Amino acid sequence: MWRPYGDGVTEPPEAAGAAAQPAPGARTGSSGGSGVPPPGGGSGRAGGVLPRSVTARATGAGALVSLLLVVAIVLGSRLLENFDSALLPYAVASVFLAFGVAYRYTVWVSAPGVARLFKKGWGSLFSVANFRRTPTALPKMIAPTSASRSSSAPAPTPAGPPTS
């Protein structure tokens, strides 16, 4: 026999001897056998709730980036003197987008593996060896030297009419 549940939604009959369902939000036994929540404030499963410190840091980063964008919009429009009201929805959407990107980026960088790669990447970018190599890197990419060309490749010929 089907029983109504809520606003017309039905629920199948319970099997004989099934345990009573706990109240919504009630604790249902141990998580991992110890009865204490997992460390770090997370839920203990993949895709769970983020720890409060990561959420707070990401929210702060998003708010800071949004505030900087609002200040840039106000200053860039000469204290809104040259701001067209038709651009207001785009400005609001841009501020929300900036918040979202900063929030997600901060959460992403907070993961241990990504944080390690992030620090190594910035360390490599600002290393002394990289700064020594930088002044000559772009010219080498634009105009390769003759030593880097294969000896079997023909030399480039100038454009123009043949000279025979």
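The values are calculated or read from the model by the stated rules, or taken from the named source; none is laboratory data. Everything quoted here is computed from the prediction, not taken from an experiment. Cβ: placed from backbone, ideal geometry, glycine included. Neighbour counts: every protein chain shown. Side chains included, ligands, DNA and RNA excluded: accessible areas come from the protein's heavy atoms. Shrake-Rupley method; radii C 1.70, N 1.55, O 1.52, S 1.80 Å.
The table below gives the values:
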| read-out | value |
| --- | --- |
| Candidate residues SER85, SER66, SER110: accessible-area rank, largest first, probe 1.4 Å | SER85, SER110, SER66 |
| Net lengthening on full extension, LEU125/SER77 (0.36 nm per residue, minus Cα-Cα) | 13.8 nm |
| Efficiency of FRET between ALA137 and LEU87 - r from beta-carbon atoms, R0 41 angstrom, step 0.05 | 0.55 |
| Burial ranking of peptide ranges 129-140, 92-103, 69-80 (average Cβ count within 10 Å, highest at the top) | 92-103, 69-80, 129-140 |
